Each structure stands twice: as structure tokens, then as C-alpha cells.
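Please treat every number below as a calculation from the coordinates, not as lab data. None of these values were measured; they are calculated from a predicted model. Note: ideal-geometry Cβ built from the backbone for every residue, glycine included; neighbour counts use all protein chains shown.
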Amino acid sequence: MTPDRLKEIRGIDLFKNISDPSFAALTQAAYAQNFPPNVELITEGEPSDFLYIVISGSVELFANWGNNETTLATVWPVSSFILAATINKGPYLMSARTGEKSLIVMLPSEDVRQTFENDPEFAKSIVSELAKYYRAGLRNTKNLKLRTSKERLANYLLKTRKKNNDASQFLLKYEKRRLASYLGMTPENLSRAFASLKPLGVRVDGQKVTLDNLPALIEFAKPTRLIDG
């Protein structure tokens, strides 16, 4: 771990308030590694040996049951994942794979738990981070259970527009198969949902989306902070 890399991860919310000695102890056995796309980093059911931090690239969190697979979230830089499993010393409840070439930092879970016990400020940061994950999960559950597929897609497009500086034209960050899975649809249902939004000014060409009638889309989607943040 180079000093620059340590400084980079020191800047994320989880580690901002940790003391210098605690941070040194936490990262003494950490290491960074580059992974090519589509490499499975963890498998659900396995012991939580590491806390992972995405420095560059992206990581898809997903789960399987029988012949079904679903995307749960995508982790972007610079942020951690699998924190709850690490603290609880429990098995991974989901799998993770790189979505593209990615640089990942791995912190041994035992060191994370030890620092959690010894550093009160780090413990507070972990509680805050877990609360954030819980609220995000609850919002996602409400989105999936209370909205139609068409409404979920409309709100996703509005959030993506906001992340792209309110541009009326932007590129989808997910490939459509992954987007469909994340929104709780089949690829065929996603195509139909896009088609059904055409009268509201939504045009899609490959990964490029254009929103021609924003007021109409907002009126239909009815975004709310209690679901969309």
C-alpha cells in the first residue's frame, strides 16, 4: 500500500475520523490489486475475510437462487462494500464481481473488527455507514414493491439525469441486462418499459437516453425523497 493509496482511502467517510495509530493498525496488512472485468471477488455463503474498497472501476453486487440471478447494487469509487458481514463475522449474503477493470483495496476483517473495538470514532463511523446502507436498502425495497416497472424506470432515468448535471441526454452506466435486473425486470420487460415511456419524451438509442419532455416524465414518475432520497 503506497502512501498515496492510503491517503485516498483515508479520505472516505468511513475512515475520516479514525485516529492515525488506529488507521495504521487497520491498514498494516491491507493490499491493493487490479482485477480484470467479470472477476468474482466474493461468493455468497463464504466467510467474510476482507472488507473491500473500490478505488477505480466498479463492482456489481448480486445474488442467486436456483436458476435465477439478480443485481442488488453497483459500487462505484471510492467506497466500501461488505461492511455488515465484516463487523458481524458472518457469511457474505451476496456475491460480487468486477464490472470493468477495477482497483480494489482489501482490509482483513479481523483488523477491521479489532479497530472497531478499540477506536470509538471509527465505531461511530461504522454505525453511520451501516445506517446509510440500511436506509438505502429500505428505499430500494419500497421502490420495488410500491411502483410498477414503468414507474421504476422513469424514476431511475430522472436520478441518472440528476447525476449527469441535469443533462437532457446521457449514457446509461449499466448495460441493459444489468439495468433490468437491478430494476427487478426481465430484459424484455425493460424494452417494453422504455417503449411505453416514448409518449413522455423518452428516446433511447443503445446506451444513449434523451429526455425531450421533462415535465411530463416528472409528472408521471412522481419522485419522492422518501423513496428516491
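What does the convex hull of the Cα atoms of region 148-228 come to per residue, in Å³, rounded to a whole number?
With only Cα atoms used, region 148-228 gives 86 Å³ per residue.
Expressed in nm², what is the orientationally averaged projection area of the convex hull enclosing the Cα positions of region 98-189? Numbers along the way, then the final one.
On the way: hull surface 34.5 nm².
Convex hull of Cα atoms, orientation-averaged projection: 8.6 nm².
Sorted by mean Cβ packing within 10 Å, highest first, what order do the peptides 132-145, 198-211, 104-117 take?
Details: 132-145: 12.7, 198-211: 14.6, 104-117: 18.1.
Highest to lowest by the protection proxy: 104-117, 198-211, 132-145.
List, in order, the whole-Hz ³J(HN,Hα) value for each residue of region 125-137 obtained from phi through the Karplus relation with A = 6.51, B = -1.76, C = 1.60 and θ = phi - 60°; use x for Gly and Pro.
5, 5, 4, 4, 5, 5, 5, 5, 4, 4, 5, 5, x
Treating the beta-carbon of each Lys and Arg as +1 and of each Asp and Glu as -1, no other charges, what is the dipole magnitude of region 3-144 about its Cα centre, to the nearest 20 debye? Numbers along the way, then the final one.
Details: 13 positive and 17 negative charges, 94 e Å.
With Lys and Arg at +1 and Asp and Glu at -1, about 460 debye.
Under a Cβ-Cβ cut-off of 13 Å, what is the net charge of the residues other than A193 that fall near it, where Lys and Arg count +1 and Asp and Glu count -1? Working shown, then result.
Details: positive: R147, K150, R152, K176, R192, K198; negative: E151, E188.
Here the count lands on +4.
Could you please tell me the mean projected area of the C-alpha convex hull for region 3-144, averaged over all directions and given in square nanometres to one decimal?
Seen from a random direction, the Cα hull of region 3-144 projects 8.4 nm² on average.
Once the piece of chain linking T148 and N189 is laid out straight, how much longer is it, given 0.36 nm per residue of separation minus the C-alpha distance between them? Intermediate results must be reported in sequence, preceding the final value.
Details: separation 41, 0.36 × 41 = 14.76 nm, distance 1.11 nm.
That works out to 13.6 nm of additional length.
Can you compute 3J(HN,Hα) from phi for each residue in region 215-229, using the Karplus curve 6.51 cos²θ - 1.76 cosθ + 1.60 with θ = phi - 60°, rounded to whole Hz and x for Gly and Pro?
Here the 3J(HN,Hα) series is x, 5, 5, 5, 4, 6, 6, 6, x, 9, 5, 6, 10, 9, x Hz.
Around P37, what is the net charge, scoring Lys/Arg as +1 and Asp/Glu as -1 over all other residues with Cβ under 15 Å from its Cβ?
Values: positive: R97, K101, K173, R177, R178; negative: E40, E60, E100, E175.
For residues surrounding P37, the net value is +1.
Quick one: check the C-alpha center-to-center distance for region 154-199 versus region 31-80, whole angstrom.
Between the Cα centre of region 154-199 and that of region 31-80, the gap is 22 Å.
In whole Hz and in residue order, list the ³J(HN,Hα) couplings for region 167-182 that follow from phi through the Karplus curve 6.51 cos²θ - 1.76 cosθ + 1.60, θ = phi - 60°; x for Gly and Pro.
6, 7, 9, 7, 9, 5, 7, 8, 5, 5, 4, 5, 4, 4, 4, 4
List the lysines whose alpha-carbon lies under 21 Å from that of K132, not counting same-chain residues fewer than 8 positions away?
Once the sequence-local lysines are set aside, what remains near K132 is K16, K89, K124, K142, K145, K159, K162, K163.
With each pseudo-label sitting 7 Å past Cα toward Cβ, what's the Y31-A63 distance in nm, one decimal?
The two pseudo-label positions are separated by 3.1 nm.
Sketch the reach of a paramagnetic label on K163 as a point 7 Å from Cα along Cα-to-Cβ, and name the residues of region 179-215 whose backbone nitrogen lies under 16 Å away.
179-184, 207-210
Around N155, what is the net charge, scoring Lys/Arg as +1 and Asp/Glu as -1 over all other residues with Cβ under 9 Å from its Cβ?
On the way: positive: R147, R152, K159, K222; negative: E151, D228.
Neighbourhood net charge equals +2.
Taking the Cα-to-Cβ direction at I55 and at E40 and moving 7 Å from each Cα, how far apart do the two end points lie in nm?
2.6 nm
Between R135 and R203, what length in nm is gained on full extension when 0.36 nm per residue of separation is reduced by their alpha carbon distance? Mind showing how you got there, number by number?
On the way: separation 68, 0.36 × 68 = 24.48 nm, distance 3.18 nm.
Difference between extended and current length: 21.3 nm.
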